[in-house]
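The values are calculated or read from the model by the stated rules, or taken from the named source; none is laboratory data. None of these values were measured; they are calculated from a predicted model. Here the Cβ positions follow ideal geometry from the backbone for every residue, glycine too, while neighbour counts run over all protein chains shown. To get the accessible areas, we keep the full protein, side chains included, count just its heavy atoms, and leave off ligands, DNA and RNA. Shrake-Rupley method; radii C 1.70, N 1.55, O 1.52, S 1.80 Å.
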Amino acid sequence: MNMAEILTKGAAGKRFLLLGNEAIARGAIEAGLELAATYPGTPSSEIGDSLFRAVKHGNYFFEYCTNEKVAMEVAGAAAVANARSLVIMKHVGLNVASDAFMTLNYIGVRAGLVIVSADDPGCWSSQNEQDNRLYAMLGDTTMLEPADPQEAKDMTIAAFELSEKLEQPVLLRVTTRVSHTRSGVELGSIRPPRNNPNFERDPFRFVTVPTVARKRHPILVEKVKKATEISEKSEWNRIIGKGNIGILTSGVSFNYVMEAIDSLQLKAAIFKVGMTYPLPKKQIQKFLASKDKVIVIEELKPYLENHARAFAQEKGIMTPILGKSQGYFSEIGEFTPRTVIEGISKALGKEIPTSYAEIDNKFSESVSEAPPRPPILCAGCPHRATFYEVATATGRKGVYPTDIGCYTLAIQPPLEMADLLLCMGSSIGTSCGLTAVLDKPIVGAIGDSTFFHSGIPGLVNAVYNQHPVKIIVVDNQTTAMTGHQPHPGTGMTGMGVQGAQISIEAVAKGVGVEYVKVINPLKVKESIRAIREAVAYDGPAVIVSRSPCALVEGARKRRANEPIIPYEVDPQTCQGCRVCTDKLGCAAAIWTGEHAAIDADLCTGCGVCFQICPFKAIREVVTNERV
Amino acid sequence: MKEFNIMFTGVGGTGVLTAARILASAALTEGQNVRMGEIHGMAQRGGAVNCTIRIGENVHGPIIPTGKADLLLSVEPVEALRNVNRIMPSGTIIVGEYQITPTGVLLGRYEYPTDEVILQDLAKFAKVITFDAATLAQESGGILTMNTVLIGAVIGLNLLPIKEETVISAIKEILPNRYHAMNIDALKKGKNAQKKTITS
C-alpha cells in the first residue's frame, strides 16, 4: 500500500509506520474531512502534501493557498457553511493568519474547524521558535497537544468533535518532534463526509461590525467556561503513576519525562495535559495540593508553569512549583531526554545517573575536529547562478535583503548574498525601507511562491512610494524548500488539476513596475547585463530570474529518460585559479590536488561553471553519458 | 526488548532518511515498539543530517539521549564524529570511509581531519568498524545504495535486532521496484565485506 492508499483506504485496526504529519492527515480523513487548506511550511508541510497525494482517492477538497491568512479564511468560511475543515500551517504562518484567526473565534463555526499549528522549538527550519500556545490564550481558542503520532491522529478526530460541540475553531498544536517522528499508528474507521454544506444566514453573528463584535465577545467567554468544564473531565488530561513528587507536562516533553523517570528510578505522578487550553484548573489545583513538590516540564515559554502558579495562588496552595523560573529548565530550544534528566535531577537535588561531563569533555575535543556542514544550495541550483550574477553585476557594493526559501542559503560562503531577513515576503518591504535611507543599490531577492504569498503588497508599496528597489524574483517554478509544492505561478492546484498560471512579470507590470525583465540565470553574461541595467534604472525594477529547481528538473529528466550530461575539468588547462570554487562554490565542485574537479554524480550539467571559467578548462563529458 | 537505539548519520541527499525508514519499518513488522526521528526542510539541503531509530518497550520519544546509542551508522567519517557523543561505551560505530568534502573545506576555511584522527577520536567512545562502503555501493548500482551497504554490514556483524529477511521485505515495501535488486545486492555486499576494527 502506498501512503495515499493507507490514508484513504487503510482498514481500521491495522498498524502502519506513519509520520506524525501523516497521522494528522489520516485523522482528518477518519473524521470525515470535507475541506483542507494550507500554505506549506516546515514542520507542517507533510500534512498538506499527504492530503494532496491522496486527494484523488478521497472525498474532500484540498487546496494550497497563496498564504496562511487566505487558508484560514478559506477553511473558516467552509466550516461556517457546515463543512468539516482543516487548515494547516507552521507556527509563523499563524502570525500571517492571526487577523482572520482572532475574529474567527468571535464568530465561531457550524461544522468542525481544526487549525494545525506546527511549532519548531530549536528553529530547525524557521526564523524563530515562538510558542504558539500563547495564541490559544490570545484567541480564547480550545487547544489540544499530542505527544506522538498515534495521539496526533486521535486528537485530530477529537479536535473536530470538540469544535462542533463548542461551535468554535480548535487549535491542534504540534511541534517538530511530533510532526517528524514516525511510529506505529493504529488506524480507526473512516467516517464518510457529511456532505451537507449549507450557508445559514445570520449576519448578526457572522458579520463582525462593532455591534456584533461586542455581542460576540461575552459569548466567546462563555464558550471558554464550557470548554473548561470539558477540560476538567477530558480523557486527554490524565495522571500516570503515583508518588509524592508530581510532574506537570504536555506534548513531546511527556516522552522525555517517561524516559527520564525510568533512568532516574524516580517514583512520580505525571500529569500529562493533552487539552492545554483551557486548562483543567480544578484538576491541576487538586494535583498541586496533593504533592510535596511539582516539577513543570515543557518546551519554550513557562506556559503550564505560570498557569499552575496562578491556580495555586487562588487556592492558597503552597506546594513548591519547580521549573523555568528557578532555572531548572530553559525556555530556549527543544528539550531532549538528557535536558529533562538533568532538570529533574537539579530540581530534586539528585545525582545525574550518566556521567555526561565525561562524555562532553571527550566530545568537545573530537567534535572540534569536524568541519561544519551547514545546509547549502544543491548542485546545479539556479539560485547559485543568480546570486553569483547579482554579486558580479553590483560588485557587492549594494545591500541584499533576502526572503524565506532555499535561496536564503545564499547566506553561506562563498556567495554570502543575504543581508536582512524578517519573514515571508519581507524582502520587498525591507528593500523599500533601505532605499529610503541609503544611497546605494538595494537588491532584494524573493522566491516565486514567496512573491505570491506576501511579496505583492510590498511591490505595490515600492511603486506607490517611488522606492527605486531592485527586486530579483528567483523563480524556480516550485515551492522548493518545503517539498516542491505547486503555487499560483505553476498553475497546478491542490486537486491535481492544471489551472491558470499567474505570471509574475504580468503582476509586476500590472502594479505599475515599468522595468520588468525575465532572465535565464543559467545564461551568465546576459543575466549580468540585465541586472546591471536594472540597477542603473531610475525607479523600481523587477527581474524574474527563471529556471526550474535542479531537483525537480533532475527528476523530470530521469523520468523522461533524458540524458544528464555532466561537465568535467581538463586538468591540463586548469590553472587552479579557484574562480569556480571561490566565487560560485557549486556543491558538485571538488578538488584533486591543484586542480578543480567535478563530481559527475552530482553535476546536473547546468553549465554555469563552464561559462565563468577564465581558462576554458571546463567541458562537457562526451564519453560518460549518464541517464 | 527494553531499548535498542540506532543513530544513522550522513549528508542531506545521500538517502539516510530512506535507510532509516527501512529499519524502522522492519522493526514494526516484527512487532516492536518503534520511534524514528527525522529532520526535514532547510536542514535537509546538503547539510549534516541524522536520523534515529529507537526500538523497544522503554522507548517513548524520537531522540537518543547522550551516550545511549547501541549503534552509530555513518555514511561519512566526519558525520560520525559530529554525533559520536550518542554512542554508549559498549556500542559499535560503523562508518563508511568515503569522504564528502564540505564547502567550507573546499574554500580553505576549515580542514578536513585525517582518517587517522577521525578513527582515533571515534575509538575513544566505542569500538569502530570501518570499510569502503562507497566502492561496494558503486558496484551495486550507485552511490545512493551506500546506506544499504551499511545496513548489510550491521547484519553481517550480527548486531541488528531485526531479521535479515524482514529488512529485505522492508526494502521491497519502501523502495520503487527498479531499486530492489541493487539494494538487496548492496545489502549482501555490506554483509560480506571485509572490515577493519579499531579499538582504543
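Looking at the protein assembly as shown alone, DSSP beta bridges between its own residues are antiparallel in about 35 percent of cases.
Within segment A:382-556, what percent of beta bridges assigned by DSSP are antiparallel, to the nearest 5? Once the DSSP bridges in segment A:382-556 are tallied, antiparallel ones form about 10 percent. Counting each DSSP H run of 4 or more residues in chain A as -39500 (n - 2.57), what helix-only mean residue ellipticity at 222 nm follows after dividing by all residues, to the nearest 500 deg cm²/dmol? The helix-only estimate for chain A comes to -11500 deg cm²/dmol at 222 nm. For segment B:4-198, the pair-distance distribution built from all alpha carbon pairs, in bins 5 Å wide starting at 0, is 1, 8, 17, 22, 22, 17, 8, 3, 1, 0 percent. For the pair B and A, the buried accessible area comes to roughly 5000 Å² in total, with a 1.4 Å probe and the value rounded to the nearest 100.
Accessible surface of A:Asp538, taken over heavy atoms with a 1.4 Å probe and every protein chain present, rounds to 140 Å². Counting only the Cα atoms, segment B:1-98 fills a convex hull of 93 Å³ per residue. Here's the picture: charge each Lys and Arg Cβ at +1 and each Asp and Glu Cβ at -1 in segment B:4-198, and of B:Pro65, B:Val95, B:Ser140 the one pushed furthest to the positive end of that dipole is B:Pro65.
Antiparallel beta bridges, as assigned by DSSP with both residues in segment B:4-198, represent about 50 percent of the total such bridges. Once backbone amide H atoms are built at 1.01 Å from N, A:Ile590 has A:Ala597, A:Ile598, A:Asp599 as its partners under 5 Å, excluding neighbours fewer than 5 places away on the same chain. Our Cα-only numbers for segment A:16-140 put the radius of gyration and Dmax at 13.7, 39 Å. When the P(r) of segment A:382-556 is calculated, the portion above 30 Å amounts to 10% of the C-alpha pairs. Taken one residue at a time, the phi angles of segment A:530-543 give Karplus couplings (6.51, -1.76, 1.60, θ = phi - 60°) of 5, 5, 4, 4, 5, 5, 6, 5, 8, x, x, 9, 10, 10 Hz. Gly and Pro are set to x. Only Lys, Arg, Asp and Glu carry charge here, each on its Cβ (+1 for the first two, -1 for the last two); on that basis segment A:332-443 has a dipole of about 200 debye about its Cα centre.
Under the convention that each Lys and Arg Cβ holds +1 and each Asp and Glu Cβ holds -1, the size of the dipole of the protein assembly as shown around its Cα centre is about 1440 debye. Amide H contacts under 5 Å for A:Gly274: A:Asn237, A:Arg238, restricted to partners 5 or more places along the chain or on a different chain, H placed in the peptide plane at 1.01 Å from N. Working note: Cα atoms of segment A:121-267, range along each principal axis, descending, whole Å: 59, 37, 35. In the context of the full set of protein chains, residues of chain B present 36 Å² of accessible surface per residue (probe radius 1.4 Å, heavy atoms only). Taking the alpha carbon gyration tensor of the protein assembly as shown, multiplying each eigenvalue by 5 and rooting it gives semi-axes of 42, 37, 25 Å, largest first. Across segment A:373-463, the fraction of Cα-Cα pairs farther apart than 23 Å, rounded to a whole number, is 20%. Using C-alpha pairs under 8 Å with a sequence gap of at least 6, the mean separation divided by the residue count of chain A gives a relative contact order of 11 percent.
Surface exposure of segment A:3-233, expressed per residue as accessible area with a 1.4 Å probe, stands at 33 Å².
Counting only Cβ charges, +1 for Lys and Arg and -1 for Asp and Glu, the dipole size of segment A:480-627 around its Cα centre is about 240 debye. Approximating the spin labels as points 7 Å out from Cα along Cα→Cβ, the A:Lys56-to-A:Met102 distance works out to 4.3 nm.
Backbone amide hydrogens, once placed in the peptide plane, bring A:Val544 within less than 5 Å of A:Val473, A:Lys517, A:Val518, A:Ile519, excluding anything fewer than 5 places away on its chain.
Taken one residue at a time, the phi angles of segment A:39-55 give Karplus couplings (6.51, -1.76, 1.60, θ = phi - 60°) of 10, x, x, 5, x, 9, 3, 5, 5, x, 4, 5, 5, 4, 5, 8, 4 Hz. Gly and Pro are set to x. Subtracting the Cα-Cα distance of A:Arg396 and A:Lys616 from their residue separation scaled by 0.36 nm leaves 76.7 nm.
Here the gap between A:Glu526 and A:Ser189, fully extended at 0.36 nm per residue and compared with their Cα-Cα distance, gives a gain of 115.5 nm.
Its Kirkwood hydrodynamic radius, worked out from the mean inverse distance over all distinct Cα pairs, puts segment A:3-233 at 17.3 Å. Convex hull volume of the Cα atoms of segment A:238-357, normalised per residue: 95 Å³.
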